[in-house]
1. Can you give the longest stretch of chain B with no exposed loop site, where a site means chymotrypsin sites (Phe, Trp or Tyr not before Pro) in a DSSP loop (not H, G, I, E or B) with at most 12 other C-beta atoms within 10 Å?
2. Per the helix-only calculation at 222 nm, which mean residue ellipticity applies to the protein assembly as shown, given -39500 (n - 2.57) for every DSSP H run of n ≥ 4 and division by its residues, nearest 500 deg cm²/dmol?
3. Could you calculate the FRET efficiency of residue B:244 with residue B:121 from 1/(1 + (r/R0)^6), where r is the beta carbon distance between them and R0 is 22 Å, rounded to 0.05?
4. Alpha carbon centre of the stretch A:41-60 versus the stretch B:81-117: separation in Å?
5. How much FRET efficiency would the formula 1/(1 + (r/R0)^6) give for residue A:302 and residue B:91, where r is the Cβ-Cβ distance and R0 is 56 Å, rounded to 0.05?
6. Given Cα pairs under 8 Å that are at least 6 residues apart, what percent is the relative contact order of the stretch A:125-263?
7. For the pairs B:150/B:226; A:64/B:226; B:162/B:226; B:162/B:326, flag any whose C-alpha to C-alpha distance is greater than 30 Å.
8. Projected onto the charge dipole of chain B (+1 at Lys/Arg Cβ, -1 at Asp/Glu Cβ, origin at the Cα centre), which of B:274, B:57, B:132 gives the Cα projection farthest towards the positive end?
Amino acid sequence: MSQSGLIPLPVRPDLGFIDRLTELAGDSFTQCYQCGTCSVVCPFAFQGTGLPRREMALAQWGLKDELLASPNLWVCTTCGNCARVCPREVDIPGTIRAARELYLLERDPGRELATAFENTSRHGNPLGQSARKRADWIAGAGVEVPIMAGLGRAVEVLFFTECYWSYHPRGIDAAQAMARIMAALGADWAVLGIEERCVADSQRLAGESGIFEEAAAANIATLDRYQFTRLVTPDPHAYNAFRNLYPALGGSYQVQHYTQFLAERIDRLSLGPVASRRVTFHDPCYLGRHNGEFEAPRRLIEAIPGLELIEMGHCRANGYCCGGGGGEIWNSGYTREHVDERLSEVRVREAISAGAEVLAVCCPFEVSLFEDAVKSTGHQGELEVRDITELLDEALGAAAN
Amino acid sequence: MSDESVLVIGGGPAGLEAARGAADLGSEVILVEQRARLGGTPDSAGYSAFALDHRPAQEVLEIARQAVLTHPLVRVHLETEVSSFAGELGSFRATLKAADGTLTEVSCGAVIIATGFDHFDPGRETQSYGYYEFEDVITLVDAERMLQAKNFVRPSTGEPPKQVCFIQCVGSRDRRIGNEYCSKVCCGVATKEASEIRELVPDCRVFIFYIDMRMYGFWEDRIYWKAQEQDHVNFVRGIVTEITRRGDRLVIKGEDTTMNRPMEIPMDVVVLSVGMVPSEGTKAVGKMLGVAQDKHGFIVPSESALDTVATSVPGIYVAGAAAGPKDLDDCVSMAGSAAMKAVAALRRRSPVSV
């Protein structure tokens with residue numbers, strides 16, 4: 001598909017494709033009237049490819065080949081800012097997701113996505129790490145982290161660590177900070193350890209609903225064996241799946257993102273003053289826009305003495321995407337070929353120009369994405385990227401000293 | 001005799017024409033208007049140039065007003081509302097409540113509702129255009145006032161603008177805010193205003209950002225083509241999503257959807273083409289009289305192609321924007337039809353004695 005956006009004539013609509021797309025995504029895309037409201041708030045607006053307005057037109061026409069071959073289809077992060085403003089209430093991210101699923105039914109994904117899918121199927125995580133090492137992060141936490149299988153009793157909090165906090169070095173930093181916060185709270189909690197499997201919501205959004213359903217069945221079977229009051233996770237994508245998709249698959253839990261759980265208990269943490277810094281917060285698309293939680297992370301940051309919370313222009317419901325959602329975390333090479341700037345780089349520049357010294361995050365994908373972007377934009381040493389747990393852990397340490 | 005009289009609720013263009021029409025047909029008319037002056041929203045908002053003859057609304061409506069005020073069969077109640085209502089075709093009873101609290105009981109055989117519309121308020125939370133934040137973001141209605149005074153300027157500086165744009169469909173055709181309907185007149189009104197701005201400030205560039213331009217008949221033949229061919233108004237297909245401030249100017253962000261091209265254009269004045277919503281009077285009167293209303297509060301006329309003014313209650317008719325967005329021609333035509341149908345319904349009941 002050329003980037004000029006011109007549809008080659010003659011137009012040969014595939015009406016069966018429209019039906020298949022409708023079965024998967026509903027027919028809301030047929031309501032699009034091409035106003036272009038969406039393509040202005042799309043994080044890729046700078047690229048000038050009409051994403052996602054053009055894709056909705058291709059879907060309406062049933063121009064299957066053009067739609068499936070469009071790079072726009074594969075750079076979209078499903079961040080959902082388009083759907084927020086759509087005057088016709090089109091489920092744009094859902095339609096993009098469905099088109100990806102139809103693509104994968106008959107074609108191979110790119111090498112990067114194929115690797116992530118294969119790793120998830122084979123090892124239970126997209127990073128390709130050994131499933132047996134999933135709980136290894138516990139060793140360095142410095143506090144006891146109970147594992148469900150060894151406890152033999154009900155707990156208040158079952159903590160679903162997810163892959164990046166289990167395996168990624170910067171994720172492990174956050175996981176260990178979380179463990180120390182839970183210890184300071186005296187929380188009655190446990191993790192699943194090696195019994196846990198990737199929730200795979202991002203794989204689903206990348207079009208692989210099969211992997212998601214298989215993982216959901218396995219995770220629900222595991223969770224069914226244990227008693228817990230609430231399920232808490234650091235991953236907004238897992239949170240999204242537990243909250244919105246698991247109930248229909250037979251898994252209904254009282255689910256919270258870790259920021260929500262901690263915000264309710266922030267008064268019980270004794271936090272000392274940390275080095276004084278201006279902090280800005282990046283709303284994760286799947287915590288904020290998709291699930292409506294904007295306040296809990298901010299309450300945590302504001303509770304830390306020494307930190308001043310400032311907002312970027314794009315924040316809350318109009319938050320900018322980090323570039324990692326919808327499976328794009330694994331597709332960065334492809335995106336780089338088709339897009340001039342990484343979203344994480346655009347966002348880092350926004351944080352710098354807002355005057356921030358710390359970019360606070362609460363999604364496991366974001367720390368590494370933004371740390372790379374700080375380097376690639378030449379702002380090394382000017383902007384720290386910290387998970388909120390790391391900032392809280394720092395404040396706990398300050399109080400103890 | 002009183003049972004052959006017609007109660008007209010609302011004294012805007014439709015109510016004035018309905019009252020005049022029914023009175024000209026020989027019926028006594030009771031015309032009730034909540035404002036202190038007849039003329040309705042076009043009059044009170046001071047529209048600069050009315051369709052067809054392009055004269056100021058107040059001048060045009062003065063003719064309609066005088067026709068009613070001097071008509072021997074029309075009794076006008078200003079600053080008055082209907083406070084209770086009962087009865088059926090041929091024998092309705094209404095209580096009229098004046099501003100000073102005085103209650104008057106009247107009876108009538110038929111009723112015409114002409115309670116009109118309000119302009120959509122672009123400050124409603126789901127709209128993001130900063131109407132209450134930026135002085136230079138105005139509405140079609142605000143622009144009409146400046147155009148009537150023949151002095152179109154940037155509100156923030158009082159200087160003539162260099163670039164002006166209109167954003168169409170603000171508050172219309174938008175499911176998010178719950179108004180999925182087209183307000184019908186905004187395309188034409190914006191185009192007319194664009195031409196007027198070009199005439200008043202010849203070196204000002206004027207853009208209209210639209211989704212579809214919905215005009216026909218007069219609006220297309222005499223307004224749209226003129227704006228495009230003679231006044232060189234720039235029509236751009238794509239809606240503006242964001243307005244921000246840069247320095248002392250506004251910057252609009254949108255997409256030219258015909259070219260997949262993101263746009264960021266500085267503007268001195270941004271005019272929001274706000275649509276129509278039912279007036280509070282339309283919502284309340286419709287409810288009190290028990291006629292069918294749509295979910296917005298507009299009164300639903302008969303679905304018969306041969307009767308465009310009947311409501312769900314026999315003997316009660318509707319005219320003008322109370323029945324949904326309409327231009328002036330349609331309001332007046334509908335009012336004439338309502339007057340004729342109302343009087344005819346009463347005459348059919350009591351055969352004319354020779």
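1. Longest site-free region, per DSSP loop and neighbour criteria: B:217-354.
2. Taken over the protein assembly as shown, the calculation gives -10500 deg cm²/dmol.
3. Once the sixth-power term is evaluated, E becomes 0.55.
4. Comparing the Cα centres of the stretch A:41-60 and the stretch B:81-117, I get a distance of 54 Å.
5. On the way: r = 68 Å, r/R0 = 1.21.
It comes out at approximately 0.25.
6. Over the stretch A:125-263, the number comes to 27 percent.
7. Going by Cα-Cα distance, A:64/B:226; B:162/B:326 fall outside the 30 Å limit.
8. Looking along the dipole axis, the top candidate is B:274.
Values quoted throughout were computed directly from the atomic coordinates according to the rules given, and no laboratory measurement underlies them. This one's a predicted model, so the numbers in the text were calculated from it and none came from an experiment. Ideal geometry is used to build each Cβ from the backbone, glycine not excepted, and the neighbour counts take in all protein chains shown.
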